[in-house]
Structures are given as structure tokens and as C-alpha cells.
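The values are calculated or read from the model by the stated rules, or taken from the named source; none is laboratory data. Just so you know, these numbers come straight off a predicted model, no measurement behind them. Please note: Cβ atoms are built from the backbone with ideal geometry, for glycine as well, and neighbour counts cover all protein chains shown. Accessible surface areas use protein heavy atoms only, side chains included; no ligands, DNA or RNA. Shrake-Rupley method; radii C 1.70, N 1.55, O 1.52, S 1.80 Å.
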Amino acid sequence: MNLIVKKNYIEMSTTAARTVADFIINNPGSLLCFCAGDTPYGMFEQLIEMQKKGLLDLNSVYYVGLDEWVGVGEETTGSCVQVMNDHFYLPANIKPERKLIFNGLNNPQDECKKIADYIKRHGGIGLTVLGIGMNGHIGFNEPGTDISELCGVVALDDVTKSVLPKYFGRQLPLTQGVTVSTKALSEAKQIILIASGEKKAAIIKKIIGSKNRDIPASLLAHLEKTCLIVDRSAYI
Ligand code: PGA
């Protein structure tokens, strides 16, 4: 693991954006897998800014969705697709043929097969950028889950259910998620984990100090190719 501690959220986002930009420039045609959630907003803004300045072509690579809540679609504010559309795919002008994402309104098993086939067709994931849940989850790889395929349907952990209002503005009766598996993510050529803010400090400490399936992010964090970028408030 390469641990990078930056002064604040903006610097964390800048470091992540520069790493992603270098990868895109050096690996055109490869497949990228970005998390939704609040943490990557700053990184997305900087990547889009680089493209506006002509430093980067975000359509020179492909994108695959990381996860989705089962039962919601793009009309629901707070769904992963809505977050990714509004903060990345639309402002970055990503062409439809450059991306494939989960549809939370379709049959979850069919969606997993669709995304797994897409990952296979691209020869695996080139680079992934992943936020970390309060319980150490990655995508919807919840504590203790062990998906042997590239994608899977997962029962949401209680901690994940408790943060639902942060995204949806209200509590929704969601119980499952679809996700790219820890296995598929661990096979990516480059892995970037990002975390910001005091509320993540306790889980970051656990991730750095241990490696086990109850903290899914720790399985990725301890790989040699992984870069864990945090800001100072998330690092104690
Ligand atoms: P966050 O979510 O970026 O909104 O903190 C991370 C996660 O739960 O995966």
C-alpha cells in the first residue's frame, strides 16, 4: 500500500485526479471504474477542468458502474446513476457508447451478468477509484460478503442502511445492492482508495491496521499496487 496523507479535501482530490489523468493518458482504451458517493466530487471536478483545458480526453477510455441500490433508477435523486450522471458523465460529456452502468430497476442477477460481461470484454478493469463506507465497505461489498464472481447481489448492512438518508434525503426501504466484487476490483491494474473527514478516521485506522473480510476495503488497501489517499482529518 502506498499511503498518501494530504492537507485537506481539495489536495486529496487533486492527487487522485492527477493519478487518474496520468493513467488515462498512458492507457487509452482501458476500462475505469469510479465510485459514486460524496467523496469523489472534487476529483471529478478537477478531471472535468483538465478536459476543458485540453489536457485530457475523458472519452479516450471506457467506464463501468461500480454499484447501485436495487430498486431505484436515475429518476431517484441519490441513486448511484443520478450521482454519476450529474457529477461526472454529463459534465464530462461521456459518450453513451463509452460506459455501462447497473440499472437498479432491472433484475439484479441480469444486471450483474451484463456488467460482468462488459468487464470481461474489456480484459478487466484498468483503474478503479473507490470511496470507503463507514463500515469499510467498497461499492456494496459489505462486511463479511464474499462474491466469487465479478459482480454480485448483496444484502445491505445495517450501517449502510443507516446512511441512506444522506443520499436520498429520507429513509427508503432498500435492502439490496448490486456491485462489482472485491475480487474484480482487486484484479484492476491500479487501485485508488480515497477518504476524507473525521468521520472516516476510525475506519481508516482499522483498514491500515488489519486485513480481513469483515473490512472489505482492507483487502484492497494491503495490495502493493493500491494507493490510499486520505486527508489529514481522516488520518489519526
Ligand atoms: P461517501 O460514501 O463517499 O459518500 O462517504 C462512501 C461509501 O459508502 O462507499
**Q.** Accessible surface of segment 1-128, 1.4 Å probe, proportion on carbon and sulfur as whole %
**A.** 49 percent
Q: May I ask you to derive the FRET efficiency for Asp57 and Ser186 from their Cβ-Cβ distance with R0 = 25 Å, giving the value to the nearest 0.05?
A: 0.35
Q: Quick one: which residues, 5 or more positions from Lys6 or on another chain, have an amide H under 5 Å from its amide H? H modelled 1.01 Å from N in the peptide plane, none for Pro or chain starts.
A: Val230, Asp231, Arg232
(Q) With bins 5 Å wide starting at 0, give me the P(r) of the chain over every alpha carbon pair, in whole percents. (A) 1, 7, 15, 20, 22, 19, 12, 4, 0
Q) Along segment 184-194, what does the Karplus equation 6.51 cos²θ - 1.76 cosθ + 1.60 (θ = phi - 60°) give for ³J(HN,Hα), rounded to whole Hz, x for Gly and Pro? A) 5, 5, 5, 8, 4, 5, 9, 10, 10, 9, 10
Q) Which shape class, rounded, prolate or oblate, goes with segment 166-236 when its Cα gyration tensor gives a ≥ b ≥ c as root eigenvalues, a/c under 1.5 marks rounded, and past that a/b bigger than b/c marks prolate? A) oblate
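To the nearest 0.05, what FRET efficiency results for Thr175 and Ala201 with a Förster distance of 35 Å applied to their C-beta separation? Present the calculation step by step, with values, prior to reporting the outcome.
Working: r = 29 Å, r/R0 = 0.83.
After rounding to 0.05, the efficiency reads 0.75.
Based solely on its DSSP helices, what 222 nm [θ] is calculated for the chain when runs of n ≥ 4 H residues each add -39,500 (n - 2.57) and the sum is averaged over all residues, nearest 500 deg cm²/dmol? Display every interim value, and only then the final one.
On the way: 9 runs with 79 residues, N = 236.
The helix-only estimate for the chain comes to -9500 deg cm²/dmol at 222 nm.
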Q: Take every Cα-Cα distance within segment 1-114, group them into 5 Å bins from 0 onward, and report for each bin the whole-number percent of pairs it holds.
A: 2, 11, 20, 23, 19, 13, 8, 3, 0
Q. Can you list the residues, at least 5 places off or on another chain, whose amide H is less than 5 Å from the amide H of Leu193, using H built in the peptide plane?
A. Leu130, Cys227, Leu228, Ile229
Q: Enumerate cysteines in the chain without a disulfide-compatible partner, where compatibility requires another Cys Cβ under 4.7 angstrom.
A: Cys33, Cys35, Cys80, Cys227
Q.
At q = 0.14 Å⁻¹, what log₁₀ I(q)/I(0) does segment 109-236 have when each alpha carbon counts as one equal point scatterer in the Debye sum?
A. -0.62
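Taking 0.36 nm per residue of separation and subtracting the Cα-Cα distance, what length does fully extending Glu49 through Ile208 add? All intermediate terms of the calculation are to be shown ahead of the outcome.
Working: separation 159, 0.36 × 159 = 57.24 nm, distance 3.21 nm.
Contour length minus Cα-Cα distance gives 54.0 nm.
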Q. What pairs from Lys52/Lys183; Lys53/Lys199; Lys166/Lys205; Lys161/Lys189; Lys6/Lys211 go past 27 Å between their alpha carbons?
A. Lys52/Lys183; Lys53/Lys199; Lys161/Lys189
Q. Taking only protein heavy atoms and a 1.4 Å probe, what accessible area per residue, in Å², does segment 4-87 have with all protein chains in place?
A. 40 Å²
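Give the peptides 67-73, 31-37 in descending order of average Cβ contacts within 10 Å, highest first. Mind dumping the intermediate values first?
Details: 67-73: 21.9, 31-37: 23.9.
The peptides rank, most packed first, as 31-37, 67-73.
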